[in-house]
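Below is one structure, written out as structure tokens; comments come after it.
What follows draws every value from the coordinates through simple rules; no lab data is involved. This one's a predicted model, so the numbers in the text were calculated from it and none came from an experiment. Backbone-built Cβ (ideal geometry, glycine too); neighbour counts: all protein chains shown.
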Ligand SMILES: *Cc1c(COP(=O)(O)O)cnc(C)c1O
């Protein structure tokens, strides 16, 4: 029950018209709780109006986080919202076991898997890293280190390193190759390495890192040196994609050195075959459409997390940052960023394809992109106003594509 101190006349005002009530007309304190209570309908209106000004999540193509679920899922979530999730005695669940089997954990018929539900992959990564650090594997705990790839998801790995005093050894990227090179990762392993972390679904390009090769190289190194360095797979975005689309891909507990995996339910956690297949088709359609525009180079691959990462072929006059800004006018939230070292000269736009990104939204995005490119091409170059270095790099692309990659890139100083 809401106890209201409003006078009768004001209460009537708010019953008849929320917007005309004094609560909605005069602003409430911004950073403090109001002295007096207000009617619940006025509070609801004020808060929902403020939320309305947030970006539209459906048009926010920056995020991997699920923005639409079937109404049955919404209902189940609402039915569980009042449960104290950590109270496993009262609210046991079987999800950890289901996921362990999905990831081919060597769990016998009458055994249960070891795992834990967390708030998200960030927390899972902290727990897994800490378990590796405490396992007594390293000779000197203070010198503990972890070898991983340098991608955007690094934020949570960086947090782990800082909170738990572990040195991160990062494998640098290079132009044309945006995942961890397993050879370099294994070279970095020493007697104090607590684990090597691979990412299934790079946040940059959606590409899966080659966990199988990493496993084989690391197994050889372990044999040679007597270490027993394990692998952790950060499958936050790809863990619910690979088991449905790429059944033959060995990335999980089938590989002997993979000792732990994290996965985010809120990213493709509804990853059944048809849903993911549909996302992949929409990603391919968007990717083809952007490629046909002629000005973009597609960096994402056909295999991986359904996303489209693309760069301007020529960024001497305009940049992806201008494109991102202009698309915002149509409501689209599409991030633009420069790649991490040593590929900083490449700047990309990234569109994450989720279940609710329908074919018609993809068509709309393409036509809005065409409008934006036409507009931008007519504008005077913004880049020329600044000091720029235009570098031309020629790079052999690794991984069997055999292509020679020419890129003109712009570095602002
Ligand atoms: C999203 C993401 C994370 C962080 O996951 P949360 O569930 O948001 O905490 C970690 N690693 C990768 C590869 C990710 O994509």
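Annotations
- Taking the DSSP beta bridges with both ends in the chain, the antiparallel portion is around 55 percent.
- Taking 317, 75, 184 in turn, the Gaussian network model of the chain (Cα-Cα springs below 10 Å) assigns the largest fluctuation to 75.
- Equivalent ellipsoid dimensions for the chain as semi-axes, Å, which come from the Cα gyration tensor, largest first: 40, 33, 21
- Descending Cα extents along the principal axes, the range 85-132, whole Å: 30, 28, 16
- Within the range 193-295, DSSP assigns beta bridges of which about 10% are antiparallel (rounded to the nearest 5).
- When the Gaussian network model of the chain links Cα atoms closer than 10 Å, the mean-square fluctuations of 258, 114, 233 top out at 114.
- For the range 89-262, convex hull of alpha carbons as volume per residue, Å³: 129
- Taking the DSSP bridge list for the range 89-262 and keeping only pairs wholly inside it, about 10 percent are antiparallel.
- Unit Cα scatterers, Debye sum, the range 301-345: log10 I(q)/I(0) for q = 0.20, 0.26, 0.32 Å⁻¹: -0.82, -1.09, -1.15
- Calculated SAXS-style log₁₀ I(q)/I(0) at q = 0.15, 0.23, 0.27 Å⁻¹ - the range 15-94, Debye, Cα scatterers: -0.89, -1.04, -1.21
- Relative compactness, the range 279-371, computed as alpha-carbon Rg over 2.2 N^0.38 Å: 1.02
- Within the listed set 17, 360, 369, the Gaussian network model of the chain (springs between alpha-carbon atoms below 10 Å) gives the highest mean-square fluctuation for 17.
- Ranked by the mean number of other Cβ atoms within 10 Å per residue, highest first, peptides 31-38, 92-99, 318-325, 193-200 order as 193-200, 318-325, 92-99, 31-38.
- Square roots of five times the Cα gyration tensor eigenvalues for the range 194-272, Å: 24, 12, 10
- Expected-Rg normalisation [2.2 N^0.38 Å, Cα atoms] applied to the range 17-173: 1.54
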